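Beneath this line is the structure, given in structure tokens, with notes to follow.
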Amino acid sequence: MKIRVGGVPEHFNYPWHIAIQQGLFSENTGLSIRWRDVLGGTGSMKKKLVENDLDLALMLTEGAVKAISDGHELKIIGTYVKSPLLWGLHVPADSPFVKLEDLKGQPIAISRKGSGSHLMSFVLAEQMGWALDDLDFVIVKNFDGAKESFVKGESSLFLWEKFTTKPTVDQGEWRRIGEIPTPWPCFVLVARKDVAESRVEELLEIMARVKQARTALDYEETIDYLNKNYQQKKEDLEEWYDQTEWECGPVVSGIDLSQVQISLHDLGLISGIRDSSFYLSDHCRII
């Protein structure tokens, strides 16, 4: 059976598409996957995993921890990208707001509850000293939904990955008035618990082949590929690539996982702090 893998249609996931193009997951290799773009991001991927529409997903770390803490039968099987995610703080180009401080109490667009855009809004509010109970969220489902929400005047602020949104900023449709990095590695690989327990060797081999594909292209080839496939400027891609650290393996930092839990607990988003093993598959090693 093919393993159904989901991820956002963004530059972070180019190694998967390279691996598919190189035939690393063709049926004659003994390992086959079906890739699915998930426009709604981490919250949507969680839903698809829970509803058995996906077997494996590339989720934001904070969203994965929140989902598992909430009792969903999922497990982290490894780290995908170990550097932080840099979130851009966006407003419409014609917005009257020019400083982040001006946005206190304004409606914030999020893809869905439990998503990265939702959870990082709480992190932002804590840093700004805003009352968490006063946050006003507008669910927009995805990036295109945020654009529509801005046009309709339903929301005033939207958090999304800086480089994904940069073309929209460059075109003058949005303004970026700030940035906020995650205080932990940005992406982990998450499988349904039954898949994590029954298809261990396949999952380990999938990670190994993605890692192989990522290292197969040299720097210039990678930038050219990203430029052609993700409609971003080469100088932006070079900046993103240079600050991105990859793992693609069955390991997770225990310190980072604890930090995610502490932050989410302090924000009232999870009920308690658990041993790291609660979140991990048996074959994911803590480092």
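The values are calculated or read from the model by the stated rules, or taken from the named source; none is laboratory data. Remember, predicted model here, so these are calculated numbers, not experimental data. Note that we place each Cβ from the backbone using ideal geometry, even for glycine, and neighbour counts take in every protein chain shown.
Being at pLDDT below 95 and of a type outside the set (A, V, I, L, M, F, W, C) is a property that does not hold for D194. Residues that are over 21 Å from the mean Cα position of the chain (by Cα) and touching a residue at least 60 places away in the same chain (Cβ under 8 Å) were ranked within region 4-39; the one that is surrounded by the fewest Cβ atoms within 10 Å (Cβ to Cβ) is Q22. The single condition among (1) surrounded by fewer than 17 Cβ atoms within 10 Å (Cβ to Cβ); (2) of a type outside the set (D, E); (3) under 17 Å from the mean Cα position of the chain (by Cα) that T42 does not satisfy is (1).
I want to confirm something. Restricting to region 254-268 and keeping residues that are over 17 Å from the mean Cα position of the chain (by Cα) and farther than 19 Å from L124 by Cβ, which single residue is surrounded by the fewest Cβ atoms within 10 Å (Cβ to Cβ)? For region 254-268, the residue satisfying everything is I255. One residue stands out in region 85-114 among those that are touching a residue at least 24 places away in the same chain (Cβ under 8 Å) and among the charged types (D, E, K, R): the one that is surrounded by the most Cβ atoms within 10 Å (Cβ to Cβ), namely R112. Of the residues D224, D236, D218, the single one that is assigned by TED's automatic domain parsing to the domain that holds I20, touching a residue at least 40 places away in the same chain (Cβ under 8 Å) and acidic (D, E) is D236. Taken together, E201, E239, E247 contain a single residue that is within 22 Å of I33 (Cβ to Cβ), acidic (D, E) and in contact with a helix residue (DSSP H, G or I) (Cβ under 9 Å, 6 or more places away or on another chain), which is E247.
Of the residues that sit in region 22-79 and are among the hydroxyl-bearing types (S, T, Y) and in contact with a helix residue (DSSP H, G or I) (Cβ under 8 Å, 6 or more places away or on another chain), which one is modelled with the lowest pLDDT? Among those that are among the hydroxyl-bearing types (S, T, Y) and in contact with a helix residue (DSSP H, G or I) (Cβ under 8 Å, 6 or more places away or on another chain), it is T42.
Scanning region 54-67 for residues that are touching a strand residue (DSSP E or B) at 6+ places or on another chain (Cβ under 7 Å) and not hydrophobic (A, V, I, L, M, F, W, C), we see that the one that is surrounded by the most Cβ atoms within 10 Å (Cβ to Cβ) is T61.
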